[in-house]
Amino acid sequence: MAEASKQSTSRLSLSSVLIAVATLVLVAAILLPPYLRGVLAERRSASFAAQAQPTLDALIEAERAYKEQKGKFWRDAHETLSPEATKQALGVDLGVAPDCSFAIYPPDLEADPTLRIAAKASREGAGMTIECVYDSIAHTKSCKRL
């Protein structure tokens with residue numbers, strides 16, 4: 001009888017360990033994928049920002065100089081900037097950020113003292129955007145990721 005009791009206790013202990021391990025595996029399977037997706041999304045966002053921010057800074061600086069000379073910000077014919085027109089008018093090469101498209105908002109208010117410019121990810125990071133606002137009166141710039 002004592003041996004049967006030991007065997008029963010041993011089986012109960014083994015069952016408890018197996019249930020605990022199965023629970024840990026199940027919890028890890030539920031929690032790990034969203035965490036890994038979040039880490040991957042943050043890395044893509046940081047990579048996009050590292051690629052787009054220097055070009056945004058160059059565009060803002062070129063627009064600042066253009067406004068000082070002409071009295072208004074330069075606008076492309078369309079909201080989304082074309083690399084050729086931007087290079088010709090501002091001297092900024094948009095080709096250094098091939099996975100980004102750049103836009104100036106609004107395209108029709110030339111006398112607006114505030115420049116609103118955005119970089120949008122194309123391809124892998126679709127949906128990521130960085131918007132910058134430059135106030136030509138206060139000479140301040142602020143950017144945020146969306």
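Worth pointing out:
- Each Cα pair under 8 Å and six or more residues apart adds its separation to the average, and for the chain the resulting relative contact order is 17 percent.
- In order along segment 35-41, the phi-based Karplus estimate (6.51 cos²θ - 1.76 cosθ + 1.60, θ = phi - 60°) of 3J(HN,Hα) comes to 4, 5, 4, x, 5, 5, 5 Hz; Gly and Pro are listed as x.
- Rolling a 1.4 angstrom probe over the chain with all protein chains present gives an accessible area of which 60% lies on carbon and sulfur atoms.
- Radius, Kirkwood style, for segment 8-146 when every pair of distinct Cα atoms is counted (Å): 17.9 Å
- Under 30 Å between alpha carbons - lysine pairs in the chain that sit 8 or more apart or on different chains: 17
- Averaged over its residues, the chain has an accessible area of 65 Å² per residue, based on protein heavy atoms and a 1.4 Å probe.
The values are calculated or read from the model by the stated rules, or taken from the named source; none is laboratory data. It should be emphasised that the depicted structure is a prediction, and the values quoted were computed from it without experimental measurement. When the accessible area is computed, the model is the full protein with side chains, heavy atoms only, and any ligands, DNA or RNA have been set aside. Shrake-Rupley method; radii C 1.70, N 1.55, O 1.52, S 1.80 Å.
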